[in-house]
Structures are given as C-alpha cells and as structure tokens.
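Here's the structure we're looking at; comments come further down.
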Amino acid sequence: MGKKLAVVALAGALLISGCSVGGPSDGPADSAPRGADEQRRVPVKASPEADAAANADADAAAYRKWGLKPFAPAPAPPRVKPVKRAPGGPVPVISEIPTKEKVVFVTFDDGAEKDPKFVGMMRELKVPFSMFLTDANIRSDYGYFKPLAQLGNGVQNHTVGHPNLRTLGAAAQKREICGQQEKLKKEYGSAPRLLRPPYGNWNEDTRAAAAQCGIEAIVLWRESMQITNMQYQLPGKKLRPGDIVLAHFRGPGELKGTSMTEMTANMLRHIQEQGFTVARLEDYV
C-alpha cells in the first residue's frame with residue numbers, strides 16, 4: 001500500500017511540473033510558437049504590377065537579341081470577323097483585311113526551309129503568323145512545323161504540289177486543294193480554312209474547288225518580303241492598315257547567304273518602323 005501511494009504522488013508531481021509520464025515533452029516550454037516561424041518562411045507574393053514589369057523586361061531582352069523592340073499589343077480581335085463567306089456564296093478573295101487599326105498580318109509560304117533557330121525566334125518573340133504549306137516542301141519533315149502550330153500559329157493550305165492553278169482543269173485543281181486539306185488535317189489535327197494559290201494565280205474553277213474542299217477564303221497579299229526590303233503592290237510604297245504580308249520559308253541558298261531569322265528580323269523591323277503591330281489573321285477571317 002505504501003509503494004502504491006508513492007507512485008501516485010510521483011505521477012502527480014510530474015504532471016504539475018509539465019512533464020509527461022510516458023516520455024519526454026514535445027519541446028521546451030519556452031520555445032517560440034511554431035506559427036510565427038512558419039509565417040517568417042512564407043515567401044512574399046509579387047504584385048501584379050511587379051509581374052507585369054518582369055514580363056516586360058523579359059520580352060525586351062528577347063527582342064534585343066534579334067535587334068528589335070517589342071511590338072505594341074495587338075488590339076482585341078473583332079467580335080464579328082470582317083471577312084466571312086456568305087452562305088452559299090463564292091469564296092472571298094482577299095489581299096488585305098478591312099480594318100482601321102494599325103495592324104498587319106504576317107504569312108509564310110511553302111515550307112522548304114526548316115531552320116530550328118526560326119522556331120526559337122518565334123517562340124521568344126510571340127509574333128503571330130500563318131503558314132501556307134505545300135506538301136511537296138514539308139513531307140520530308142512534317143514535325144518541324146508542329147511546335148510552330150502549338151504556339152497558336154495557323155496551318156493553312158498552299159496545295160499539294162505548288163502548281164499554277166490557272167493551268168489546271170477543275171478536277172485537277174480540286175485534287176490539289178482537297179488533297180492538301182486531307183494531308184494537313186492528318187498531320188496537324190484540323191483541316192485548314194484558308195487557301196493561298198501558288199504564285200497568287202487563281203480563276204473561278206479555283207474558287208469552286210476551294211468551296212467544295214471546305215475553304216472559307218482565298219488569301220493573297222499586299223506586300224512581299226525579299227531579303228532586306230519589302231515589295232509593295234500599291235502606290236506610296238508603305239504599309240496600310242490590314243495589309244497581308246507574304247514571306248517564305250527560305251534559307252541562305254535562296255536568300256543570298258541571309259538566314260531565315262535575319263530575313264524575318266528585317267521584315268519585323270520594317271513593320272515596326274512604320275508604326276504597325278502584328279495581329280493573327282485567323283482572328284479576322
């Protein structure tokens with residue numbers, strides 16, 4: 001009986017002193033509250049203004065790499081597309097987009113040159129463009145164009161074999177256009193909505209075949225980029241709101257030693273110097 005009373009008395013003393021009978025305490029009684037330590041370890045979240053400034057600095061650095069300045073943001077796409085095929089009507093043929101905004105639309109044709117530096121350039125600059133691809137040029141490496149498409153750039157139709165469509169009959173034109181629709185859908189997941197006839201040559205058979213193949217507009221151009229300069233179709237030798245600019249997937253062999261990225265930088269510089277920014281063609285057609 002005396003031993004039991006001694007054990008009970010010892011347990012009570014330990015409880016009064018703040019000690020546990022079963023083992024050591026979780027920590028010293030005078031340690032700082034854990035909540036205060038956790039508060040000190042939580043990183044401070046940057047403000048939206050700071051994030052925007054950091055993004056602007058990163059964009060400026062990317063453009064400096066290519067000898068350019070960042071473009072002004074493109075305006076919001078129109079609620080109603082200004083170019084639209086009327087139900088049952090002919091496929092529209094356009095060289096520019098009707099708009100008063102100081103925007104132009106950049107397009108690249110064919111697909112012969114497959115410069116990996118161009119992919120990196122457009123990933124860094126985030127300039128929208130449309131690709132009018134010919135199967136004869138791209139079939140050796142369909143995969144090259146997939147990361148460009150994944151950036152949001154449109155894959156459009158430039159026929160299977162790049163013929164002068166005016167020299168072909170209606171059935172042959174349909175094979176060129178519909179055949180490329182099928183090939184591009186298989187490789188890139190969706191059928192194009194736009195067609196650029198090679199050399200800009202078309203006739204009414206082209207429009208009829210395009211309609212049968214699901215094309216919504218035939219896209220020509222107002223300016224074409226060469227190596228360092230643009231060729232202008234209209235008097236004044238300058239860009240106009242809504243102009244469509246033509247360039248090509250070409251390399252040093254066709255550009256007299258100039259790379260595709262250098263040619264592209266020259267083109268973008270011309271656009272900037274005239275006070276324009278670049279918008280996405282598919283948002284307007």
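Listed values, structure above:
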| item | result |
| --- | --- |
| Close pairs (8 angstrom Cβ cut-off, 6 or more residues apart or separate chains): at negative phi and without any contact (Cβ under 8 Å) to a residue 40 or more places away in the chain in the stretch 51-71, part of a loop (DSSP other than H, G, I, E, B) and loosely packed, with under 12 Cβ neighbours inside 10 Å anywhere | ALA54/ALA46 |
| Residue in the stretch 250-258 that is within 24 Å of PRO116 (Cα to Cα), surrounded by fewer than 19 Cβ atoms within 10 Å (Cβ to Cβ) and acidic (Asp, Glu) present | yes |
| Selection status of VAL160, in contact (Cβ under 8 Å) with a residue 24 or more places away in the chain and in a loop (DSSP other than H, G, I, E, B) | yes |
| Sole exception among (1) surrounded by fewer than 17 Cβ atoms within 10 Å (Cβ to Cβ); (2) without any contact (Cβ under 8 Å) to a residue 24 or more places away in the chain; (3) not in a strand (DSSP E or B) for GLN231, by number | (3) |
| Search result, residues across the stretch 127-157 that are out of contact with any Phe, Trp or Tyr (no Cβ under 9 Å at 6 or more places or on another chain), in contact (Cβ under 8 Å) with a residue 60 or more places away in the chain and open to solvent by 30 Å² or more (accessible area, probe 1.4 Å) | GLY152 |
| Filtered residues of the stretch 234-269 (kept if in a helix (DSSP H, G or I) and within 30 Å of ARG79 (Cβ to Cβ)) | MET267, LEU268 |
| Test: residue in the stretch 166-178 that is touching a Lys or Arg at 6+ places or on another chain (Cβ under 7 Å) and in a loop (DSSP other than H, G, I, E, B) | no |
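For (1) within 27 Å of the chain's Cα centre (by Cα); (2) open to solvent by 30 Å² or more (accessible area, probe 1.4 Å); (3) modelled with pLDDT under 95; (4) over 28 Å from GLY143 (Cβ atoms), each residue gets a yes or a no:
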| position | (1), (2), (3), (4) |
| --- | --- |
| THR167 | no, yes, no, yes |
| ILE177 | yes, no, no, no |
| GLN180 | yes, no, no, no |
| GLU187 | yes, yes, no, no |
| LEU195 | yes, no, no, no |
| GLY200 | yes, no, no, yes |
| THR206 | no, no, no, yes |
| ALA210 | yes, no, no, no |
| ILE215 | yes, no, no, no |
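The values are calculated or read from the model by the stated rules, or taken from the named source; none is laboratory data. Note that the coordinates shown come from a computational prediction; the quantities given were computed from them, not determined experimentally. Cβ: placed from backbone, ideal geometry, glycine included. Neighbour counts: every protein chain shown. These area figures cover heavy atoms from the full protein model, side chains too; ligands, DNA and RNA do not enter into them. Shrake-Rupley method; radii C 1.70, N 1.55, O 1.52, S 1.80 Å.
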